[in-house]
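I have placed the structure first, in the form of structure tokens, so that the comments after it can refer back to it.
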């Protein structure tokens, strides 16, 4: 490194003991957004620990595309690893590449086509089972639907486990992980509080459930044609099992969280947003009616439902899942002309990018048409990456898009939703920032006083 490199400036507002820890705890999104207009790289402190915040899409992309320089170590990653171990979402290097190669065939096009058929059938059954003109907790329904959809991919239909309890434990773990990641000192998570006990009990239930299922697959020795079978029966170069039971656990829990919770969150927030924007709802319904004509969406419909996709894209921007991500430098680095020491924690925030008015004009306005091709090209390259990029980009991105489009099309095609008066959904303080609750009343489209629909 040369002496010409810049040293990032400490952001204002740091206290002597906690640094910016209190602001990070209270409003992490606001803190990250407040740094956007400043220098490309800014220094903050959580407690006594310095952290380097990257504020431009170009440098964020550079960080994500250089895993050999910006790795996944450090205290934040270690707190994350307590639940996800060495799963695909956090593993690195040659091991990560090996795991990705083993799992990648599960997301080839022909398998995605089959998944779409399965998801369309299951979604139709679930959505049409709701009682019309009565309050339905859509956040819970969509959680359960997303869990059921991802379960079809990971496990065969014969796999039995307590789905409601597993889902509840997942929610507790995600909330607990958020608290641990924003804990400036790392001490709060060690206290014998009721919340910490709930977290440990929930985490233990998830581990025990997955371990029991893996053991049943090993014992049966039968390839059931699902993702877990693919991983269980994968062999290395010497013909030995490619994954230990521990690694299987880490991959399964990663897919459960990434494949169910985040999808359900996006769909819940989308329903909230279209309810607030009737013109969006009308255009969404018109597209679904025109393209599908009353049938479930399949693989080849996904690409035809353009406005449906744009609506989901805008939700992913406005309701970004997660306030920040972190990396740790494996060696001293030159990041955009700034010197970043070896072993330093680097933070970057998609939430901040997505709400930066210099990147997205009127960022708090919900406008699916900002993703029309002629307008989307005006957004700086790398300024919108809901599924990441580089070697750690989401392996299931195509699956996630297909699921969200299929489910939203079913919802818009069959129902029109009205909000419960006096209730305003808010984000819960959890890792993926889910809606706290979404009670809504579904009305069959085409019913009294309503037009359109195909029910």
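The values are calculated or read from the model by the stated rules, or taken from the named source; none is laboratory data. Owing to the predicted nature of the structure, the values given are computational and were not obtained by experimental measurement. Reconstructed Cβ throughout: ideal geometry from the backbone, glycine too, with neighbour counts over all protein chains shown.
Set side by side, the residues 240, 246 differ, and just one is exposed (fewer than 15 other Cβ atoms within 10 Å of the Cβ) and closer than 30 Å to residue 321 by Cβ, which is 246.
Only one of 59, 33, 43, 88 is modelled with pLDDT of 95 or more and touching a helix residue (DSSP H, G or I) at 6+ places or on another chain (Cβ under 6 Å). Can you tell me which? Criteria check complete, one pass: 33. Here residue 96 clears all of (1) free of Cβ contacts under 8 Å to residues at least 40 places away in the same chain; (2) buried (at least 19 other Cβ atoms within 10 Å of the Cβ) except the condition numbered (1). One residue stands out among those in the stretch 426-444 that are at pLDDT 95 or above and not in a loop (DSSP other than H, G, I, E, B): the one that is nearest to residue 179 (Cα to Cα), which is 439.
Annotation: of all residues in the stretch 79-110 being closer than 23 Å to residue 203 by Cβ and not in a helix (DSSP H, G or I), the one that is nearest to the chain's Cα centre (by Cα) is 89.
Residue-wise test of (1) at pLDDT 95 or above; (2) surrounded by fewer than 20 Cβ atoms within 10 Å (Cβ to Cβ); (3) not in a helix (DSSP H, G or I).
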site: 327; (1), (2), (3): no, no, yes
site: 331; (1), (2), (3): yes, yes, yes
site: 334; (1), (2), (3): yes, yes, yes
site: 339; (1), (2), (3): yes, yes, yes
site: 351; (1), (2), (3): no, no, no
site: 365; (1), (2), (3): yes, yes, yes
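Among the residues here, residue 73 qualifies as closer than 21 Å to residue 391 by Cβ and out of contact with any helix residue (DSSP H, G or I) (no Cβ under 9 Å at 6 or more places or on another chain). Apart from one condition, residue 51 fits all of (1) within 23 Å of residue 383 (Cβ to Cβ); (2) part of a strand (DSSP E or B); (3) in contact with a helix residue (DSSP H, G or I) (Cβ under 8 Å, 6 or more places away or on another chain); the exception is (3).
Scanning the stretch 281-325 for residues that are surrounded by fewer than 20 Cβ atoms within 10 Å (Cβ to Cβ), touching a residue at least 24 places away in the same chain (Cβ under 8 Å), part of a loop (DSSP other than H, G, I, E, B) and over 17 Å from the mean Cα position of the chain (by Cα) turns up 293, 294, 298. Surrounded by fewer than 21 Cβ atoms within 10 Å (Cβ to Cβ) and either more than 26 Å from residue 417 (Cβ to Cβ) or at pLDDT 95 or above (or both) - does that describe any residue in the stretch 146-154? No - not one qualifying residue is present in the stretch 146-154.
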